[in-house]
Amino acid sequence: MGPNLLNNYFETAAMILFGIGFTTLFLQPNLIKKVIGLNIMDSAIYLFLAAKGYIDGRLAPIVVNGVTDMETYINPIPSGLVLTGIVVGVSVTAVSLSLIQKLYKEYHTLDMDEILTKVSKEGDH
Amino acid sequence: MPFVANFPLFCIVITLAGSVATSMLNGKNAFRLNTFIISLCLVMNFSLLVYLVTNPQQITYMMGHFPAPWGNETRFGPLEALVATVFCFVMLVSLISGKTDIFEDVKSDRVNIFYVMINLLMSSLLALVYTNDLFTAYVFVEINTLSACSVVMAKENGKTISATIRYLIMSLLGSGLFLMSIILLYDLTGHLLMVNIHENLVQLMASGDYMFPLTIIVGLLSVGMAMKSALFPFHTWLSHAHGSATTASSSILSGLVLKGYIILLIKVYCRVIGIEIVSQMKVLNILFVFGVMGMIIGSIDAIGETHIKRMIAYSSVAQMGYIYVGISLGTTAGFVAAVFHIIVHAFTKPMLFSAAGGFASASGHKYHFDQLKGAAYRNPIAGVAFVIGSLSMIGIPFFAGFGAKYYLSTAAMTNPGKMWFVLLALAISTVLNAVYYIKALATVYSREGVEDTARRKISKSYTIGMSLFIVANVALGLFYQRIVDILSLGMKFF
């Protein structure tokens with residue numbers, strides 16, 4: 001197990017970062033830090049994908065000088081997935097930030113726990 | 001390939017295009033266009049269903065005629081067509097009966113945005129039902145999350161926004177896990193199309209080396225989907241999100257959004273991993289324990305709740321427990337029972353939410369039981385719907401909910417190890433369901449200490465919507481055998 005983890009250090013780092021991001025998003029009471037956690041989590045997945053998609057000594061999948069041999073280039077699909085993932089991540093971040101802004105205007109705090117106490121004090125109708 | 005095979009793609013594209021078009025209209029026209037689009041989808045999905053039931057088969061539709069593994073695909077049989085038809089119907093009727101509340105609750109210049117989100121939601125739900133590609137599924141899961149969040153916060157007050165952010169965070173945790181698991185699956189097999197992944201997994205399993213990573217993948221994926229569909233320990237966001245949103249949003253969220261993820265999960269279990277492999281895993285036992293606990297704890301929470309919409313929301317937690325118990329039996333009968341429960345719940349819960357919305361608007365927008373006394377006299381059609389919905393949820397014979405519980409308990413016989421737990425939990429949960437639904441019924445029909453029982457003016461759209469819900473529920477209760485036949489047929493071509 002140990003040597004494998006060291007050999008695949010990109011993947012190991014990606015998993016550790018995923019864990020950090022996940023716990024931050026889950027447990028951190030500060031909403032902005034939650035969004036930062038979300039971005040760490042997403043980036044960890046992109047790092048994992050990029051590391052998996054890269055083959056040592058091969059080129060980016062853009063045909064240059066007419067070389068069409070399959071062995072010259074890496075597989076473009078993981079990079080495509082990373083791009084799609086980034087687009088999704090950006091939109092999710094934008095939505096969460098705008099929601100947080102609205103909440104801050106309403107309750108003047110970024111702390112989730114404080115917001116929830118204020119909401120429950122409001123009572124419901 | 002028959003012409004109807006194009007319909008799933010048409011529906012997804014039309015709803016996507018509809019979301020662009022509604023953004024340019026005013027509220028009223030947006031409602032009209034949206035109703036037209038969803039009715040069109042309903043007709044198309046229904047004709048597909050009729051075709052697939054008369055010619056039972058499974059159709060793989062290659063987009064742009066690119067064969068696997070290069071192209072993207074939709075793949076469907078009778079089961080998918082039936083679920084999509086139900087989704088379109090419930091969406092349409094929820095929107096019609098919730099129309100008055102939408103126009104009251106949403107700021108008048110933003111009503112069209114609400115319908116943009118509804119169109120996106122419909123599109124993503126249909127895509128989740130029909131797609132055969134895991135990464136496409138991920139993209140539509142995220143679209144679904146974002147549009148569902150926007151639908152929850154449509155009222156734009158502090159309460160709904162804080163409920164939305166809790167929902168959003170839970171959903172994002174879930175989709176993070178889901179993305180991680182499909183990336184790991186891609187890493188293991190080199191494919192994203194479900195059938196190709198399955199072919200590779202069978203080979204890998206034959207060598208017997210990859211059981212451990214596969215278990216982790218299935219675990220991550222199940223937990224991710226469970227978070228998004230409010231299975232028991234992850235259900236805390238649900239009562240706030242569903243309790244505070246506008247009527248149509250609550251109906252759509254509990255009736256459809258939660259179900260889209262479960263359909264995807266069932267698809268992954270049956271089509272990607274394979275029932276034989278999944279049923280060997282311990283992951284199903286964990287889901288089973290959560291499901292059984294959800295059945296009981298959701299009902300107990302509902303008993304203690306005094307806010308009518310939050311009570312119905314907690315009842316959804318219990319119903320999610322039923323569905324997950326069906327899935328975790330790990331047999332074909334269990335999956336059929338789960339999907340049938342999804343359909344029953346999709347018909348009943350939105351009706352209950354719409355009825356609750358009707359009671360509230362007839363009682364000065366109050367949602368607590370002490371303010372809802374006699375509300376069924378002020379809004380009689382909501383009263384009738386609430387009676388039918390409650391009886392169905394309790395599981396009285398001749399109502400749809402009875403069929404769901406009946407098939408779940410027969411399915412439990414196929415898994416002897418879990419049978420007694422299922423039957424016991426069903427019994428306890430049924431009694432608990434009866435406690436809070438009968439309490440609610442007694443409140444809305446009580447005349448004690450209520451002076452004002454005069455009938456309120458009810459809008460035409462609300463009456464039409466509720467009548468459709470009532471007819472659909474009674475029909476489902478009478479003809480559930482036929483639906484289960486289609487589902488069993490669909491499982492063969494899943």
- Item | Projected area averaged over orientations for the stretch B:205-342, convex hull of C-alpha atoms, nm² | 7.8
- Would you please calculate the Kirkwood hydrodynamic radius of the stretch A:2-122 over all C-alpha pairs and express it in Å, rounded to one decimal? 17.1
- Task: Determine which residues of the stretch B:381-424 fall in the zone a paramagnetic label at B:Arg455 would reach in this model, i.e. backbone nitrogen under 11 Å from the point 7 Å along Cα→Cβ.
- Result: B:381
- For B:Arg482 paired with A:Thr12, estimate the spin-label separation in nm (one decimal), with each label point 7 Å from Cα along the Cα-to-Cβ line. 6.2
- Task: Could you give the size of the charge dipole of chain B about its Cα centre, using +1 on the Cβ of each K and R and -1 on the Cβ of each D and E, expressed in debye and rounded to the nearest 20?
- Result: 1120
- Straight-line reach from B:Lys349: which lysines have Cα under 16 Å away, leaving out those fewer than 8 places along the same chain? B:Lys259, B:Lys309, B:Lys405
- Which lysines does A:Lys102 reach when only Cα atoms under 20 Å apart count, and residues fewer than 8 places away in its own chain are ignored? A:Lys33, A:Lys34, A:Lys118, A:Lys121, B:Lys107, B:Lys155, B:Lys159
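Once fully extended, how much extra length lies between B:Trp70 and B:Leu424, figured as 0.36 nm per residue of separation less the alpha-carbon to alpha-carbon distance?
Values: separation 354, 0.36 × 354 = 127.44 nm, distance 4.88 nm.
Difference between extended and current length: 122.6 nm.
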- Find how many whole Å separate the alpha carbon centroid of the stretch A:1-64 from the alpha carbon centroid of the stretch B:20-53. 41
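Using DSSP to call loops (not H, G, I, E or B), can you name the trypsin sites (Lys or Arg not before Pro) in the stretch B:280-322 whose Cβ has at most 15 other Cβ atoms within 10 angstrom?
Those that pass, being in a loop and sparsely packed, are B:Lys282.
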- Query: Distance from the Cα centre of the stretch B:327-357 to that of the stretch B:384-402, in angstrom?
  - Reply: 13
- Simple Cβ-charge dipole of the protein assembly as shown, Lys/Arg +1 and Asp/Glu -1, about Cα centre, in debye nearest 20: 1680
- Set the Förster distance to 51 Å, then compute FRET efficiency between A:Thr23 and B:Ala5 from the Cβ-Cβ distance, nearest 0.05. 0.65
- Length gain on complete extension for the stretch A:Tyr104 to A:Thr117, per 0.36 nm per residue less the alpha carbon to alpha carbon distance? 3.3 nm
- Out of every Cα pair in the stretch B:51-166, what percent are spaced more than 17 Å from each other? 65
- Message: Sorted from largest to smallest, which semi-axis lengths in Å does the alpha carbon gyration tensor of chain B give for its equivalent ellipsoid, taking the root of 5 times each eigenvalue?
- Response: 35, 26, 20
- Message: Taking the Cα centroid of the stretch A:90-107 and of the stretch B:452-488, what is the distance between the two, rounded to the nearest whole Å?
- Response: 38
- Message: If you fit an axis through the alpha-carbon atoms of helix B:400-412 and take the longest principal axis of the Cα set of chain B, what angle between them do you get, 0 to 90°, nearest 10?
- Response: 30
- Message: For the protein assembly as shown, what are Rg and Dmax over the alpha carbons, in angstrom?
- Response: 24.0, 89
- Note on the structure: Rounded to the nearest whole number, the Stokes-Einstein translational diffusion coefficient of the stretch B:428-494 at 25 °C and 0.890 mPa s (Kirkwood radius, C-alpha pairs) in µm²/s is 153
- Residues in the stretch B:120-161 that, when all protein chains are in place, have 10 Å² or more less accessible area than the chain alone would give (probe 1.4 Å): B:Phe135, B:Tyr138, B:Val139, B:Glu142, B:Leu146, B:Met153, B:Glu156, B:Gly158, B:Lys159, B:Ile161
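Tell me the total accessible area that B and A bury against each other, 1.4 angstrom probe, in square angstrom rounded to 100.
3200
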- Query: What is the helix-to-structure angle for A:9-27, meaning the angle in degrees between its Cα long axis and the longest Cα principal axis of chain A, kept from 0 to 90 and rounded to the nearest 10?
  - Reply: 10
- Mind checking which aspartates and glutamates have their C-alpha under 17 Å from B:Lys492, skipping anything on the same chain fewer than 8 residues away? B:Glu80, B:Glu276
- Put a dot 7 Å past each Cα toward the Cβ at B:Val435 and B:Thr236; how far apart are the dots in nm? 2.4
- Message: Translational diffusion coefficient of the stretch B:340-494 at 37 °C, 0.692 mPa s, Stokes-Einstein with Kirkwood Rh over Cα pairs, in µm²/s as a whole number.
- Response: 196
- Ordering of A:43-50, B:363-370, B:295-302, B:124-131 by burial proxy (mean other Cβ atoms within 10 Å per residue, highest first): B:124-131, B:295-302, A:43-50, B:363-370
- On the formula 1/(1 + (r/R0)^6), with r taken between the Cβ atoms of B:Glu104 and A:Val64 and R0 of 41 Å, the FRET efficiency rounded to 0.05 is 0.10
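Given N residues in the stretch B:1-116, what is its alpha carbon radius of gyration divided by 2.2 N^0.38 Å? All intermediate terms of the calculation are to be shown ahead of the outcome.
Details: Rg = 16.5 Å, N = 116, 2.2 N^0.38 = 13.4 Å.
Normalised Rg, Cα atoms only: 1.23.
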- Query: Which whole-number value in Å² is the accessible area per residue of chain B, probe 1.4 Å?
  - Reply: 32
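Tell me the carbon and sulfur percent of the accessible area for the stretch A:2-122, rounded to whole percent, probe radius 1.4 Å.
67
The values are calculated or read from the model by the stated rules, or taken from the named source; none is laboratory data. The structure displayed is predicted, hence computed values, not measured ones. Cβ coordinates were reconstructed from backbone atoms using ideal geometry, including for glycine residues, and neighbour counts include every protein chain displayed. Heads up: the accessible areas ignore ligands, DNA and RNA and are worked out on the full protein's heavy atoms, side chains in. Shrake-Rupley method; radii C 1.70, N 1.55, O 1.52, S 1.80 Å.
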